[in-house]
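Chemist: Here it is: the structure, laid out below.
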Amino acid sequence: MRTSFRIAAAATTTLIAALALTACGSDSGSDAALSSDQPSASAPATAAPAPTAGDAAGSKGSDSGKGVGTGSGKHTGAPAKSTGKSTKKPSGGGGDADAPCTGADVKLTATPVKRPVNHILLTVTNTSRTMCSAYNAPAVSFSSSQQAPIPVDKETIPQAVVSLAPGASAYAMVRTLGEDDGSASYRTSKVTVYFQGKVGMESTGPAAHASLPQSVAVVDSQAMATYWQSDLSAIDSW
């Protein structure tokens, strides 16, 4: 009887052990299944794609911006060096435009015109290297015996002072005689012009002289001149 009980107990023990082994095997299979879902520590990592040229340029650009506004004290570029020279060129011929023109810095020419009759054209050209201004009107003299320069027509005053850069010219028209009133005339081929200063009607500097290509008749009391003009058309029919 005891032997049967022992056999039965042994069988029971064997059955329990078998069940335990089955349970362990089931757990091991679950663990293995779970483990297969996770990457193995020994498996090689997937390689990242190689950067393209655009990525490299973008990365370089982002690196070049480092330090700008971050307080790092770094700058991405050095400021351009100043040469100390101005690129702006001076206008005109330089010098003081307020300086009056004189016979020392201009060339005077005198030319008889066909219309109006008994008129000559005076032209002064700045031959100096600096600017000057032909103020007011020419003080014209035809002979050494002339008591005073001929009168000036005030209706020909220009709107602005005639300033001459080097090589520029100013013009004035001169009437040598008017209607015959019995006054005696004389003939001359020489013209002397004195220049006026900025203030007043006084002459300044040396006079300019010109020779006419042919002599003209002059009556001092009838002679008259215009103001200096920068545009010849302003007086070509005076």
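Chemist: Of the listed peptides 134-141, 150-157, what is their order by residue-averaged count of other C-beta atoms within 10 Å, with the highest listed first? Write down the numbers at each step before the final one.
Modeler: On the way: 134-141: 23.4, 150-157: 14.9.
Most protected by this proxy first, the peptides run 134-141, 150-157.
Chemist: Hey, what did region 106-234 get for relative contact order, percent, Cα under 8 Å, at least 6 apart?
Modeler: Working: 303 pairs, mean separation 45.1, N = 129.
Result for region 106-234 is 35 percent.
Chemist: Still on this model: Pull out the extension gain between residue 160 and residue 187, defined as 0.36 nm times the separation in residues minus the alpha carbon to alpha carbon distance; nm, one decimal. Intermediate results must be reported in sequence, preceding the final value.
Modeler: On the way: separation 27, 0.36 × 27 = 9.72 nm, distance 3.47 nm.
Difference between extended and current length: 6.2 nm.
Chemist: Once you have the Cα-Cα distance between residue 111 and residue 144, take 0.36 nm times their residue separation minus that, and quote the gain in nm to one decimal.
Modeler: Details: separation 33, 0.36 × 33 = 11.88 nm, distance 2.03 nm.
Going from the current span to full extension adds 9.8 nm.
Chemist: If you don't mind, there's one more thing I want to ask. Residue 153 versus residue 104, label points 7 Å from Cα toward the beta carbon: distance in nm?
Modeler: 3.3 nm
Chemist: What list do you get for 119, 209 if you sort them by fewest beta carbons within 10 Å?
Modeler: On the way: 119 21, 209 13.
Ordered from fewest to most neighbouring Cβ atoms within 10 Å, 119, 209 come out as 209, 119.
Chemist: Moving to a separate point now. Could you list 173, 224 so that the one with the fewest beta carbons within 10 Å of its beta carbon is first and the one with the most is last? Spell out each step's value before the answer.
Modeler: Numbers: 173 23, 224 19.
Ranking 173, 224 by Cβ neighbours within 10 Å, fewest first, gives 224, 173.
Chemist: For a quick check: sort 195, 142 by the number of other beta carbons within 10 angstrom, fewest at the front. Write down the numbers at each step before the final one.
Modeler: Numbers: 195 28, 142 24.
Least to most surrounded, the residues fall as 142, 195.
Rule-based calculations on the coordinates, nothing more; no lab input. Just so it is clear, the model here is predicted, and its values are computed rather than measured. Reconstructed Cβ throughout: ideal geometry from the backbone, glycine too, with neighbour counts over all protein chains shown.
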